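In what follows, a structure is listed as C-alpha cells, so that the remarks can point back to it.
Please treat every number below as a calculation from the coordinates, not as lab data. All of these numbers come straight from a predicted model, not from anything done at the bench. Backbone-built Cβ (ideal geometry, glycine too); neighbour counts: all protein chains shown.
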Amino acid sequence: MKSLAMKNLRGRPVRSAVLIVLAALLTFTALGGTLTVASLGKGLDSLEARLGADVMVVPKEATMKKKFEDIVLQGATGYFYMDSKRAQAVMEREGVGEVSPQFFLASTGSSCCSIPVQIIGIDPATDFTVSPWIKRTYGGELGLYDIVAGSDLNAFVGDKLSFYGVECRVAAKLEKTGTSYDTTVFTNEDTIKALISSSLEKGMNDFEDVDPENCVSCLMINAADGTSPEELVNDINIHVKKVKAYKSGDMISGIAGSLSGVSRMIKLLIAAVWVLGLVILLLAFTMSVNERKKEFAVLRVMGASRGKLAGLVLKEALLTCLTGSLGGAAVGLLVLIPFNGVIEQTLGLPFLLPNFGSIAGICTAAVVLSVLTGAAAAAVSAWRVSRIDTGLILRGEN
Amino acid sequence: MELKAEKITREFIRPGGKTNRFFAVKETDLTLASGKLTVLMGRSGSGKTTLLNMLSGLLMPSTGKITADGRDLYAMPDKELSKFRNVHMGVIPQGQTAIHSLNVTENILLPFGLYGDKPDEARAKELMERLDIAELASARPAELSGGELRRVAIARALVRRPEVIFADEPTGDLDDENTAAVFTFLKECAREGAAVLVVTHENEAVNYADEVLRMNAGTLEQG
Ligand SMILES: Nc1ncnc2c1ncn2[C@@H]1O[C@H](COP(=O)(O)OP(=O)(O)O)[C@@H](O)[C@H]1O
Ligand SMILES: [Mg+2]
C-alpha cells in the first residue's frame with residue numbers, strides 16, 4: 001500500500017511536485033514568519049537591556065538627540081561632547097541613583113572594518129549598562145588600550161587594531177545582541193581619552209576645542225528609589241542648563257511601534273498564505289481523487305476495504321506534505337540563519353535570532369502544522385473516496 | 001465454494017422520470033457452485049452487471065441475502081468482507097481498469113500487495129504467458145492496447161487463485177482468437193475447481209457453459 005502511494009506520486013510527477021512545493025511554501029512562511037517575529041521581539045528585549053538605564057542625558061545642541069538616537073538605535077556612528085561641569089551638575093541632582101558617563105568617538109575606517117566603527121568608552125568603576133554584556137564573554141579588567149569588539153566586527157581576540165594611530169588589542173568579543181552593539185568597539189575611559197586626544201592631534205575631530213580630560217558624551221542614569229524616571233527627566237531639563245534628558249522608554253517606543261507593525265504584517269501574510277494554501281490543497285486533493293475515481297473503484301473490486309482507500313489517499317498526502325515541509329523548513333533555516341544580518345539591515349529594526357532550542361521548536365511546530373494541514377485537506381477527499389459507489393463507477397458504457 | 005443468492009432484488013432510483021424507483025434486478029435465486037461455469041446473457045441494461053456486483057460483494061441487495069459456504073456476505077463488516085473478497089473472489093470488471101502508475105506485473109500482483117501478502121510471482125508469470133502478455137511484463141498501461149489491458153485485468157483477477165470468478169464482458173474488445181482463448185481459460189479455471197460466472201454477449205460462450213442464464217428486464221431465466 002505504501003509503495004502504491006509512492007508509485008502513484010511518481011506516476012504523476014507534476015502534480016506531486018506542485019503539492020510538495022505548496023507544502024514547502026506553507027512551512028517556509030510559517031517558519032520564516034514566526035522566526036522573524038520572534039527575532040524582532042528578542043531584538044527589542046535586547047535593545048531595552050542594551051539601553052539599560054532609565055534616563056539618558058546628552059548635550060542640548062539641536063542635532064544631538066537625533067545623533068544619539070542614530071548611534072544607539074540604528075547603529076550609526078557619531079560623537080559629541082559636553083563639559084564635565086555640566087555632567088557634574090546633573091549628577092548632583094536629587095533623585096539620581098546609579099549614574100555613569102559614556103564617551104563617544106567614531107573611527108574613520110580601520111583594518112577590521114570597511115565602514116567606520118563606533119567607539120564607546122565606559123567608566124568601569126560606575127558603568128552598569130555595558131559591563132553586564134561584556135561580563136558574559138570577558139571576565140577580566142579592561143586595561144589601557146584593551147578593546148571589546150562587537151560580534152559583527154571582523155576582529156578577534158588577540159588582534160591588534162589601530163585607531164587614529166593608537167594600537168589597541170582586542171581583549172574580548174561580545175556575543176550577538178541584534179543591536180548597534182554588534183558594530184561597536186568598547187574601551188575604558190582612559191583608552192578613549194587617549195584616542196580622542198590622538199584624533200584631535202591629527203586634526204580629525206570635528207570638535208576642535210574639546211578638552212579630552214574634561215568632557216563626557218552622555219550620562220546613563222537610573223532614577224533613585226522613590227523618584228520616577230519622568231520626575232527625574234523633568235527635574236534635569238528644568239534645572240540643568242545646556243543638557244537634555246530623555247527617558248529610554250520614549251526612545252524605544254518608536255521602535256516598538258514599527259516593530260509591532262512589521263509583526264502584524266508578517267502575521268497577516270502567514271494567515272493569507274495558509275488560507276490560500278489550504279484552499280489549493282483541498283482543490284488539488286479533490287482533483288487528484290476525482291481523476292482517479294475509477295482506479296479507486298478498481299482497488300475496491302480487488303478487495304481493498306473502504307478504510308484502505310482512505311488510507312491510501314492520506315498516505316499520498318502525508319508523503320508529499322512531509323517531503324515538502326521538511327524541504328520548506330530547510331530552505332527557511334538556510335535563508336534566515338545565514339542572512340539574519342541582511343534581514344536586520346533591511347528591516348532597520350533590532351533583530352536577534354532565538355536560541356537553538358526555540359528555533360528547533362518553531363521548526364518542528366511549522367512542519368507538524370503543515371503536515372496536519374495537508375492531512376486535513378486530504379481527509380475530505382479520503383472520506384469521499386471511502387464512500388465511492390464502485391458499481392456506478394465501473395458500470396461503463398452500457 | 002458455493003455462492004448462494006436467495007430472493008435478492010436491487011432497486012434503484014432513476015434521476016428524473018415519472019416512475020423513478022425501479023428494480024434493476026427482480027427477485028432472484030441463484031447458486032454458483034465449484035467446478036461450474038455459468039454464462040449470463042441478456043440485453044444491455046437488463047441488470048446483468050447489477051446482479052454480478054451483488055454476487056461479488058460490491059453491491060448490497062435491496063432485499064434477500066447472499067451466502068458463501070453459509071456465511072452471509074453482507075452481514076460481514078466492510079473490512080472483513082473486503083479481505084474475504086480479496087482472497088476468495090476474482091472480478092474482471094467491465095471496461096479498462098489498470099492502475100496507471102503501476103506496470104503490468106505490478107498491476108497483476110496488486111491483489112497481494114493490498115494486504116501485504118507475499119506475491120506469488122510464479123503464478124503471475126504463468127498467467128501472463130498463458131494470456132500472451134509475458135513480453136509486456138514491465139510495460140505501462142498507457143502503452144497497451146484495449147485487448148492487452150483486458151488480459152492484464154484477467155490475470156489480476158486470477159492471480160490469487162480465487163474460488164469464485166466473476167467476469168463482466170471479458171471479451172468485449174478482443175478478437176475471435178483471443179476470445180476463444182479467454183473462454184478456454186475460464187473453463188479451465190472451472191475445471192480446476194472455481195465457480196465461474198461470465199456475463200457476455202458472445203453466443204460462442206454457450207459452447208463452454210455448464211449452465212446458461214438469461215437476464216430479461218431484471219428477471220433471470222434459464223437460457
Ligand atoms: N447505481 C445505479 N443507479 C441508478 N441506476 C442504475 C445503477 N446501476 C445500474 N442502474 C440501472 O439499472 C439497469 C441495469 O443496469 P446494468 O445492471 O448495468 O445492466 P447491464 O449490465 O445488463 O447492461 C439500467 O437501467 C441502469 O441504468
Ligand atoms: Mg453491464
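So what is the calculated 222 nm ellipticity per residue for the protein assembly as shown, using -39500 (n - 2.57) for each DSSP H run with n of 4 or more, over all residues, to the nearest 500 deg cm²/dmol? Before the final figure, lay out the partial values.
Working: 19 runs with 290 residues, N = 621.
Estimated from H runs of four or more residues: -15500 deg cm²/dmol.
Could you tell me which of B:49, B:155, B:139 has its Cα farthest along the dipole of chain B towards the positive end, charges placed at Cβ (Lys, Arg +1; Asp, Glu -1), taken about the Cα centre?
Projecting each Cα onto the dipole axis, the largest value belongs to B:49.
By average Cβ neighbour count within 10 Å, what is the ranking of B:156-162, B:64-70 from highest down?
Per-residue Cβ counts within 10 Å, averaged per peptide and sorted highest first, yield B:156-162, B:64-70.
Would you mind working out the magnitude of the charge dipole of the stretch A:52-248 relative to its Cα centre, with +1 at each Lys and Arg C-beta and -1 at each Asp and Glu C-beta, to the nearest 20 Debye?
Details: 19 positive and 29 negative charges, 81 e Å.
Taking the Cα centre of the stretch A:52-248 as origin, the dipole is about 380 debye.
Please list the helices of chain A that count as membrane-span-like by this rule: a mean Kyte-Doolittle hydropathy of at least 0.5 together with Cα atoms stretching 30 Å or more along the helix axis, each helix being a complete DSSP H run. List each step's numbers first, then the result.
Details: long enough: A:13-51 (55 Å, 1.14); A:248-291 (63 Å, 1.42); A:306-336 (44 Å, 1.29); A:356-386 (43 Å, 1.55).
Qualifying helices: A:13-51, A:248-291, A:306-336, A:356-386.
How many percent of DSSP beta bridges within the protein assembly as shown run antiparallel, rounded to 5?
On the way: 46 of 73 bridges.
Close to 65 percent.
Per residue of A:40-47, what is the mean number of Cβ atoms on other protein chains within 10 angstrom of that residue's Cβ?
Numbers: counts 0, 0, 0, 0, 0, 0, 0, 0.
Mean shielding by partner chains, rounded to a whole number: 0.
If packing is taken as the average count of other Cβ atoms within 10 Å, what order do A:38-48, B:138-148 fall into, highest mean first? Kindly include the intermediate steps, with their values, before the conclusion.
Numbers: A:38-48: 20.7, B:138-148: 14.4.
Packing proxy ranking, top to bottom: A:38-48, B:138-148.
With the alpha-carbon atoms as the only input, what is the per residue convex hull volume for the stretch A:117-243 in Å³? Write out the running numbers ahead of the final one.
Details: hull volume 17.0 nm³, N = 127.
It comes to 134 Å³ per residue, whole-number rounded.
What is the spread of the Cα atoms of the stretch B:82-223 along each of their three principal axes, largest first, in whole Å?
Principal-axis extents of the Cα atoms in the stretch B:82-223, largest first: 42, 32, 27 Å.
Taking only the C-alpha atoms, wrap a convex hull around chain A and report its volume per residue in Å³ as a whole number.
Numbers: hull volume 69.5 nm³, N = 398.
Cα-based convex hull of chain A, divided per residue, equals 175 Å³.
Helix B:104-113 against the longest principal axis of chain B: what's the angle in degrees, Cα atoms only, rounded to the nearest 10?
With both axes taken from Cα atoms, the answer is about 60 degrees.
Quickly rank A:9-15, A:213-219, A:63-69 as a protection proxy: mean count of other C-beta atoms within 10 Å, highest first.
Working: A:9-15: 14.1, A:213-219: 20.1, A:63-69: 16.4.
Result, highest mean first: A:213-219, A:63-69, A:9-15.
Please report how far the C-alpha centroid of the stretch A:264-300 lies from that of the stretch A:1-73, rounded to the nearest whole angstrom.
26
Per residue of the stretch B:165-172, in order, report the coupling 6.51 cos²θ - 1.76 cosθ + 1.60 (Karplus, θ = phi - 60°) as ³J(HN,Hα) in whole Hz, putting x for Gly and Pro.
Listing the rounded values in order: 10, 10, 10, 9, 6, x, 10, x Hz.
Give me the percent relative contact order of chain B, please, defined on Cα pairs under 8 angstrom at least 6 residues apart.
Details: 428 pairs, mean separation 70.2, N = 223.
Averaging sequence separation for qualifying contacts and normalising by length gives 31 percent for chain B.
Report, largest value first, the span of the C-alpha coordinates of the stretch A:35-160 along each principal axis, in whole Å.
Answer, in whole Å and largest first: 41, 39, 32 Å.
For the cross-link pairs A:66/A:202; A:65/A:85; A:42/A:267; A:293/B:79, which exceed 23 Å when the distance is taken from alpha carbon to alpha carbon?
Cα-Cα > 23 Å for A:66/A:202; rest within.
Just grab the label-to-label distance for residue B:139 and residue B:34, each label 7 Å out from Cα along the Cβ direction, in nm (one decimal).
Calculated label separation equals 3.7 nm.
Can you give me the Cα centroid spacing of the stretch A:373-396 and the stretch B:1-79 in angstrom?
24
Output the relative contact order of chain A, whole-number percent, from Cα pairs under 8 angstrom with separation of 6+ residues.
Working: 658 pairs, mean separation 115.4, N = 398.
Dividing the mean separation by the residue count of chain A yields 29 percent.
Take the Cα atoms of the stretch A:16-104, find their three principal axes, and give me the spread along each one in whole Å, biggest first.
Each principal axis gives a Cα extent; for the stretch A:16-104 these are 74, 26, 17 Å.
Of the beta bridges DSSP finds with both residues in chain B, what % are antiparallel, to the nearest 5?
Numbers: 19 of 37 bridges.
Counting DSSP beta bridges with both partners in chain B, the antiparallel share is about 50 percent.
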